[in-house]
Amino acid sequence: MDLSVSLGPLTLKNPIMTASGCCEYGLELAEFFPLDSIGAVVVKGLSPKPRKGNPIPRIAETSSGMLNSIGLQNIGVDAFIREKLPDLLSLGATVAANIFGETIEDYVMLARFCNEAGIPALELNLSCPNVHKGGMEFGVDPDVLHEITSRCRAVYAGSLWVKLTPNITSIVPLAEAAKSAGADAVTCINTLRGMAIDIKTGKPKLHTIFGGLSGPAIKPVALRFTYEVASRVGIPVIGCGGIVRVEDIVEFLLAGATAVQVGTILFREPDCPTTLVHGLSSFMEARGLSSIHDLIGKMVRHGTP
């Protein structure tokens, strides 16, 4: 059974990855499954210097989902490369670093550091809705997205991905900008901006009022954006949003995703990535499929309106 997929210069043994922000730096999951059994571990967003993140409360459960406003708390790129990366590599993990900056120069510096550290994949977080500077303010402007991506491409030799925001009218111009700037893939999508209110206190459940909605509630939106990009832009898509079952993965693959990321479900089922790998293999075997490419983009290839 061939589950391998390629995202630019990087080949993954299977299309299933963790999503940034849902398993810190990935090492926490090593007690639940071998990290080398999945396509890649995407670590939480890294910034040039350590960040404390937003004040609590910053997580709230919602119907079929979760709101978060962590604010990209992290130990900084230097500490990650020094303290976390060696352990990840020793466990055989394929590492993708998600990076975040408040300026364009921040992104370029981070990309250069990751290149020098030999990190095989880099995901540009141009879509986080939970910070005041950087993130989504860069990701809604195709020209700025193009500049950041092209400048990171110039200093980073590995597989370069751009994580796109759903908080926009049309995602296609953003994907086109990423493609023309040299990105190897785009991730569809980051969280949707939302809020929740505690009716007992009459106050927002998040300190920042608004947060990013993830989980099964956003899967139809993520699926739609995946299909739009895959069918109209022609760049590899990493589907992300609400995946909890093998059937969800198959939907994303049929819609044109080359790979997928699982996130919110990790809080409830931390061993689910390998369960999904085995389930995907069984799904294909039951239907006489020998390659994952028999599924990828099938709906796009058939010209489904």
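The values are calculated or read from the model by the stated rules, or taken from the named source; none is laboratory data. Please read these numbers as outputs of a predicted model, since none were measured by experiment. Note that we place each Cβ from the backbone using ideal geometry, even for glycine, and neighbour counts take in every protein chain shown. The area values use the complete protein model at the heavy-atom level, side chains included, leaving out ligands, DNA and RNA. Shrake-Rupley method; radii C 1.70, N 1.55, O 1.52, S 1.80 Å.
Over all alpha-carbon pairs in the stretch 117-271, figure out the percentage whose distance exceeds 22 Å. The answer is 43 percent, as a whole percent. Dipole magnitude for the stretch 194-244: about 120 debye, using +1 per Lys or Arg Cβ and -1 per Asp or Glu Cβ, origin at the Cα centre. Below 28 Å, Cα to Cα, which lysines can Lys52 reach? Residues fewer than 8 away in the same chain don't count. Result set, ordered by chain and number: Lys44, Lys84, Lys133, Lys163, Lys203, Lys205.
If you wrap the Cα atoms of the stretch 1-100 in a convex hull and average its projected area over all directions, you get 8.1 nm². Rounded to the nearest Hz, the phi-derived 3J(HN,Hα) couplings of the stretch 50-66 under the Karplus curve 6.51 cos²θ - 1.76 cosθ + 1.60 (θ = phi - 60°) are x, 10, 7, x, 7, x, 7, x, 9, 9, 8, 6, 10, 5, 6, x, 8, where x marks glycine and proline.
Dipole check for the chain: with +1 at the C-beta of Lys and Arg, -1 at the C-beta of Asp and Glu, and the Cα centre as origin, the magnitude is about 600 Debye.
Descending by average beta-carbon neighbour count within 10 Å, the peptides 235-248, 75-88, 196-209 line up as 235-248, 75-88, 196-209, the highest first. Note that the chain presents 41 Å² accessible area per residue, ligands and nucleic acids not counted, probe 1.4 Å.
With 0.36 nm allotted per residue and the present C-alpha distance subtracted, the Arg268-Ala286 stretch has 3.7 nm of extension available. Between Ile197 and Lys205, the built amide H atoms are under 5 Å apart, and every one of these is 5 or more places off in sequence or on another chain. Once Rh for the chain is found with the Kirkwood sum over Cα pairs, what is the Stokes-Einstein diffusion coefficient at 37 °C and 0.692 mPa s, in µm²/s? My calculation gives 172 µm²/s for D.
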